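A.B. asks: Structure incoming, see below.
The values are calculated or read from the model by the stated rules, or taken from the named source; none is laboratory data. Since the structure is predicted, the reported quantities are computational estimates derived from the model, not experimental observations. No Cβ is skipped: glycine too gets one built from the backbone with ideal geometry, and neighbour counts run over all protein chains shown.
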Amino acid sequence: MIKKLEVCYHDTKSFDNYDQLTKFCETFSNIKQLTCITEDELFLLSMIEHLPQLSLLNLPVPNDYSLYHMPKKPYRFDLSRLENKLQELGEAVIVNSPDIMKIYLFR
């Protein structure tokens, strides 16, 4: 059984649509640690809601175009709003650094 998974495609978003995300969550429902790239707050919250075993979510800061060595860009979601929504789902701690955001979930 897979417990730790990295889903990153050359510094672009990991999921293109909700159908992909739904299939992913069904397939890997027992995952405990996940590393993926998303700039969509709804995708992020859906992953957390639909992956009941998830305890650590790593979100690397995406690059604009890694082939061209473009600078990293900030997340497009509001961090304080995200923290509030995560608290509604249960205990969560967000650790943010220049290269990665880590979300620890205590369920």
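A.B. asks: Condition first: out of contact with any Asp or Glu (no Cβ under 9 Å at 6 or more places or on another chain) and part of a loop (DSSP other than H, G, I, E, B). Now tell me which residues in the stretch 22-44 satisfy that.
C.D. replies: Of everything in the stretch 22-44, those that are out of contact with any Asp or Glu (no Cβ under 9 Å at 6 or more places or on another chain) and part of a loop (DSSP other than H, G, I, E, B) turn out to be 28, 29, 30, 31, 32, 38, 39, 40.
A.B. asks: Here's a follow-up. Checking the condition modelled with pLDDT of 80 or more and in a loop (DSSP other than H, G, I, E, B), which residue from 70, 47, 1 passes? Write out each step before concluding.
C.D. replies: On the way: 70 fails: modelled with pLDDT of 80 or more; 47 fails: in a loop (DSSP other than H, G, I, E, B).
Being modelled with pLDDT of 80 or more and in a loop (DSSP other than H, G, I, E, B) holds for just one of 70, 47, 1, which is 1.
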